[in-house]
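A.B. asks: This structure is in structure tokens; I'll ask about it shortly.
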């Protein structure tokens with residue numbers, strides 16, 4: 001999974017939401033049976049993809065597509081925990097290899113531009129995946145793409161050498177060897193344990209393929225893609241990386257061996273504020289704009305733009321609040337559970353999604369989205385707002401009410417809620433949580449930090465008590481379990497650690513029967529709820545405003561983009 005946090009919210013929505021929860025969470029605000037049924041109906045009516053599909057031959061040749069991203073990266077190595085951001089992956093898609101591609105139904109097929117054959121077999125009782133790489137596939141420096149590149153990714157990310165700061169070791173740690181087959185263009189991957197989600201390796205699901213030369217040592221892994229992109233291999237190449245304007249400009253790569261890209265140029269501009277992005281779209285500066293939850297005014301503005309349309313789809317992305325399990329005040333699980341009980345998820349969900357023309361449905365699972373057939377609401381009592389229960393747990397933990405807030409051994413119970421400074425939705429969520437937690441006797445201070453430091457300097461370093469952001473998922477959700485919740489994972493940002501959770505995760509990812517694996521994942525999810533590692537809010541809307549003439553781009557849901565076919569129809 002990739003991390004993303006950009007969002008925005010209108011003050012009018014905030015005012016309504018605060019009024020609705022009585023200054024905190026005093027009303028339960030649980031959705032009625034009728035509203036839940038309406039949300040389910042809306043969910044079934046929302047498409048799985050909306051990109052204006054147009055055959056390659058019918059897309060106009062030429063043109064420049066200008067898009068926005070929310071956060072400008074410093075680390076362009078997508079394997080590195082600092083590079084594991086959705087915006088970074090988006091910008092790497094047109095220039096870096098993906099060996100397998102997912103469609104809107106979350107089904108994977110080999111990407112013929114990079115592999116001509118893929119076999120998944122059992123050999124001598126072990127799972128063996130063999131990739132036959134395209135003979136024409138080379139890096140931009142002329143070096144052939146070979147089995148060595150796959151081997152380097154495995155060695156850097158299998159967890160054996162802690163100097164490599166891998167975003168996730170899932171899957172990589174199950175590989176026993178990556179060896180040369182009949183030639184350098186054949187990579188034979190042998191797994192020590194079967195790996196159900198092997199198709200997610202070597203694409204944006206885990207990471208794009210990166211040249212062995214640039215990730216072969218911890219130093220190269222750390223520095224070679226720091227503020228630069230030394231080698232690419234895609235239909236586009238880097239024309240410029242402008243650190244001043246935080247803009248990436250890509251142009252067609254004349255060395256590309258696959259179908260010629262329809263576009264002449266791709267420009268990614270950094271626009272942190274969602275409303276500014278929609279304004280830029282309305283002014284004709286962008287060809288598409290993402291419509292964040294929490295700002296129905298943006299949606300309405302976008303709908304009024306001439307010759308534009310709204311494209312929306314269900315996606316594997318979700319918003320949540322991460323709870324620092326190692327924070328001074330939150331090390332006690334019962335106290336974390338008190339915080340969970342005191343936060344009314346339904347109020348925050350309704351605030352963020354109100355008038356967004358999206359199902360008002362709270363998420364009850366850390367693994368599967370509401371529209372996934374494997375989804376089960378595992379939130380139980382902990383997922384329900386219960387102020388009395390929160391107070392009981394705090395009393396039992398020795399935090400006694402003294403005035404507005406609770407104290408223990410003379411120390412006030414005070415938490416911080418870290419947000420990126422320009423993100424209004426995060427501020428809204430913080431203010432709602434602040435009012436709710438005050439009713440339980442917990443002081444919550446909203447701490448805005450610079451947008452470009454929010455992820456690397458605060459989330460990754462654990463400098464927070466509570467923090468809201470979004471996980472951008474993949475068509476293969478089981479890999480998120482060890483990545484986000486396993487003890488010691490670089491992406492386990494709250495540093496949660498529970499042997500029972502680890503054992504449940506191991507059982508899930510070692511299972512080869514899909515139905516049994518889903519059952520085990522839901523069992524693990526119940527333990528994660530009990531741990532209070534992360535408080536799920538809702539399945540994140542995938543809503544885009546796009547010029548009507550833009551083809552093969554928009555709300556992609558589970559699908560990976562084919563950047564050779566993206567372009568204009570007129």
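A.B. asks: For the residue pair residue 384 and residue 128, what label-to-label distance in nm results when each label sits 7 Å from Cα along the Cα-to-beta-carbon direction?
C.D. replies: 5.5 nm
A.B. asks: Another question about this same structure. How are the C-alpha pair distances of region 81-222 spread across 10 Å bins, as whole percents from the shortest bin up?
C.D. replies: For region 81-222, the binned pair fractions read 12, 45, 37, 6, 0 percent.
A.B. asks: To the nearest 500 deg cm²/dmol, what mean residue ellipticity at 222 nm is calculated for the chain from DSSP H runs of n ≥ 4 alone, each contributing -39,500 (n - 2.57), summed and divided by the residues? It would help to have the intermediate numbers written out before the result.
C.D. replies: On the way: 14 runs with 145 residues, N = 570.
It comes out at -7500 deg cm²/dmol, rounded to the nearest 500.
A.B. asks: Between the helical axis of 11-20 and the dominant principal axis of the chain, each derived from Cα atoms, what acute angle in degrees is found, rounded to the nearest 10?
C.D. replies: Between helix and principal axis, roughly 40 degrees.
A.B. asks: What FRET efficiency comes out for the pair residue 334/residue 226, r = Cβ-Cβ distance, R0 = 35 Å, nearest 0.05?
C.D. replies: 0.25
A.B. asks: For the chain, what D do you get in µm² per second when you plug the Kirkwood radius from alpha-carbon pairs into Stokes-Einstein at 4 °C and 1.567 mPa s?
C.D. replies: Result for D is 53 µm²/s.
A.B. asks: Quick one: helix 424-439 against the long Cα principal axis of the chain, what's the angle to the nearest 10°, folded into 0 to 90?
C.D. replies: Computed tilt is about 30 degrees.
A.B. asks: Counting other beta carbons within 10 Å of each Cβ, put 481, 415 in order, fewest first.
C.D. replies: So the residues, fewest neighbours to most, are 415, 481.
A.B. asks: Grab the Cα-Cα distance for residue 519 and residue 74, subtract it from 0.36 nm times how many residues apart they are, and report the gain in nm with one decimal.
C.D. replies: Result: 156.3 nm gained on full extension.
A.B. asks: Grab the Cα-Cα distance for residue 409 and residue 163, subtract it from 0.36 nm times how many residues apart they are, and report the gain in nm with one decimal.
C.D. replies: Here the segment from residue 409 to residue 163 would lengthen by 84.5 nm.
A.B. asks: Roughly how many whole Å is it from the C-alpha centroid of region 384-457 to that of region 304-378?
C.D. replies: 18 Å
A.B. asks: OK, next. Between residue 495 and residue 182, what is the FRET efficiency for a Förster distance of 51 Å, r being their Cβ-Cβ separation, to the nearest 0.05?
C.D. replies: 0.65
A.B. asks: For helix 33-45, report the angle its Cα long axis makes with the longest principal axis of the Cα atoms of the chain; keep it between 0 and 90° and round to the nearest 10°.
C.D. replies: 10 degrees
No value in this document is a laboratory result; all are computed from the given coordinates. Here the structure is a predicted model, which is why all the values come from computation and not from measurement. Using ideal geometry, Cβ is built from the backbone for each residue, glycine included, and neighbour counts are taken over all protein chains shown.
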